[in-house]
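The values are calculated or read from the model by the stated rules, or taken from the named source; none is laboratory data. The shown structure was predicted, so the numbers you read here are calculated from the model rather than taken from an experiment. No Cβ is skipped: glycine too gets one built from the backbone with ideal geometry, and neighbour counts run over all protein chains shown. For accessibility, only protein heavy atoms count, side chains too; no ligands or nucleic acids. Shrake-Rupley method; radii C 1.70, N 1.55, O 1.52, S 1.80 Å.
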There are 2 protein chains.
Amino acid sequence: MSAPPAVTRFILIEPSHAGNVGAVARAMKVMGFHDLALVRPRWPDVLTRPEAVERASGADDVLRAARVTGTLQEALEGVTHLCATAMTPRDFGPPVCAPREHFSQLLNPARPAPSGPWGVAFLFGCERYGMRNADVWRCHACLSIPANPAYGSLNLAAAAQLIAYDWRQALLARFGEAAFASAFAVRPAASLADQADAEQVAAMLAHLEQALVAVGFLDPAAPKKLMPRLQQLFNRAQPTQQDIHILRGIARAMQQAARRGHEED
Amino acid sequence: MSAPPAVTRFILIEPSHAGNVGAVARAMKVMGFHDLALVRPRWPDVLTRPEAVERASGADDVLRAARVTGTLQEALEGVTHLCATAMTPRDFGPPVCAPREHFSQLLNPARPAPSGPWGVAFLFGCERYGMRNADVWRCHACLSIPANPAYGSLNLAAAAQLIAYDWRQALLARFGEAAFASAFAVRPAASLADQADAEQVAAMLAHLEQALVAVGFLDPAAPKKLMPRLQQLFNRAQPTQQDIHILRGIARAMQQAARRGHEED
């Protein structure tokens, strides 16, 4: 694929719990998706029911923009690639794959790209019966979320959350922030630029050693392996220059406290 | 790391909605995790409240085995690596990273492995206020789920679901199914591991803090960010139990030196 999809739609087939519909809206929006369709929901007014609005939290705009259709077909406008989400594979069904693997194949730059815009839909069956065979057969892939083999009971909203998450990560990995309107940023770990060098660590350790002698913890006549051990500890800690500054301040305070004690002798 | 963790614990700090607690139990179990702890839940009987049991669905065994504690400290037995989940990074907090990147680094075979069992905990703050600074500062990493920058409102159970999923995938990729077999087969009776657990590090830091006050380095009325900074330093250092023993010996020597000084006054 050479361009991000023009459509990413979540389609709930015959959802029976209004709360779940709201929770799916929230799960979508939190990953940057807004296109929701409901096929034959149990409650015709599900999008405005209090449980739906409450569980949607701030994603009520997704609910308001959602469409309700009588058939799956009507919900597929602009969609070129359908993914079923079903716990049990079907004979004659599409290939079953884990979401991450499938998304990475789907977005592979080497994959022949459609000439026009393309779109993806994720289909979720009703809470009680899952997806019908006829609907699964329409799909290009059947996504199977790798879960605990002894307890695979994923709630509808939890499944939608995981699919939305993996799809977002795959889109970001392939197209970067361009796949979405706006950018997200994870702050990188502190740079190593201000990490103290070996000389500074050694000087700090020499200072600390004097302080440990001053407070009577280290006997210079029988030092054992104390300083090598502290050296290893601070090597692992990778102290910054400011850490070194603080540690030397501590050593100085220890020396002063010891000096006050000795003046008493 | 050369072995899977002996402990994977989900810790909810001051959860206020019983339904969320049940949904977290389900989210954990569906990814193969069973160790849940609640710190100061709003409802003392939260584990048996109808909303919790209902949302847990078949994960009521996780609820029944969950422990409720009065402090975070008590919930950390056997844990050597703490991950915060917080939307906003803190000054002096641990490095912020996306879960997948962090898990892949943590499980990297090249990473120096502790000689004994190790354990991970994922900390989740309360629904309304998130995590307190003091709790974030204790952590080795702050996991930031890459989400829609315009709407990052992840429900507590949804966040737990995503973390559990990524952690399961990372464990499977690194250790295969054995990661899960051993996680349940091998539960450490006590933290006899060589590497100090989070509880021991915290106790050492509390002791060191007293010593720093005693020698006049730390002004309790204006502590600034000294202790969070030292916490991060020692988190990076991964002290062994013997290191802890030595550090507490140093703290004791500082206190004694200070006491001798004060007797003079």
task = For residue B:69, tell me the accessible area in Å² from a 1.4 Å probe, rounded to the nearest 10.
result = 20 Å²
ask   = Shortest first and in nm to one decimal, what separations exist between residue A:199 and its copies in the other chains, measuring from label points 7 Å along the Cα-to-beta-carbon line?
value = 4.6
Distance between segment B:226-265 and segment B:31-69 - C-alpha centres, whole angstrom = 38 Å
request  = Within segment A:24-122, list the GluC sites (Glu not before Pro) lying in a DSSP loop whose Cβ has at most 16 other Cβ atoms in a 10 Å radius.
outcome  = A:77
Taking segment B:198-264 and dividing mean pair separation by its residue count, relative contact order in percent (alpha carbons under 8 Å, at least six apart) = 52 percent
message = Am I reading the B/A interface right? What is its buried accessible area, both sides, 1.4 Å probe, to the nearest 100 Å²?
response = 5400 Å²
request  = About the Cα centre of the protein assembly as shown, how large is the charge dipole given +1 on each Lys and Arg Cβ and -1 on each Asp and Glu Cβ? Please answer in debye to the nearest 20.
outcome  = 660 debye
note = Counting only DSSP beta bridges fully inside the protein assembly as shown, the antiparallel percentage to nearest 5 is 10 percent
task = One decimal, nm, shortest first: give the distances between the label point of residue B:105 and those of the same position in the other copies, each label point 7 Å from Cα along Cα→Cβ.
result = 3.2
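So for chain B, averaging the separation of alpha carbon pairs under 8 Å that are six or more residues apart and normalising by length, what relative contact order in percent results?
Relative contact order, chain B: 25 percent.
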query = What does the convex hull of the alpha-carbon atoms of segment A:192-264 project to on average, in nm²?
reply = 4.9 nm²
ask   = So which residue, out of B:119, B:216, B:249, gets the largest mean-square fluctuation from a GNM of chain B using Cα contacts under 10 Å as springs?
value = B:216
ask   = Of all the accessible heavy-atom surface of chain A, with the other protein chains kept in place and a 1.4 Å probe, what percent is carbon and sulfur?
value = 53 percent
request  = Compare the Cα positions of B:24, B:250, B:230 along the charge dipole of chain B (+1 at Cβ of Lys, Arg; -1 at Cβ of Asp, Glu; about the Cα centre) and return the one farthest towards the positive end.
outcome  = B:24
ask   = If you put a point 7 Å past Cα along the Cβ direction, how far is that point for residue A:232 from the same point in each other copy, in nm, smallest first?
value = 2.6
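Before rounding to the nearest 500, sum -39500 (n - 2.57) across all DSSP H runs of length at least 4 in chain B and divide by the residue total; then give [θ] at 222 nm in deg cm²/dmol. Don't skip to the answer; put the middle values down first.
Values: 10 runs with 120 residues, N = 265.
So the calculated ellipticity at 222 nm is -14000 deg cm²/dmol.
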query = Given R₀ = 22 Å, FRET efficiency for residue B:172-residue B:65 by Cβ-Cβ distance, to 0.05?
reply = 0.45
key: Accessible-area value, residue B:13, 1.4 Å probe, nucleic acids and ligands omitted, Å²   = 10 Å²
key: Check: chain A dipole with +1 on Lys, Arg Cβ and -1 on Asp, Glu Cβ, in debye   = 480 debye
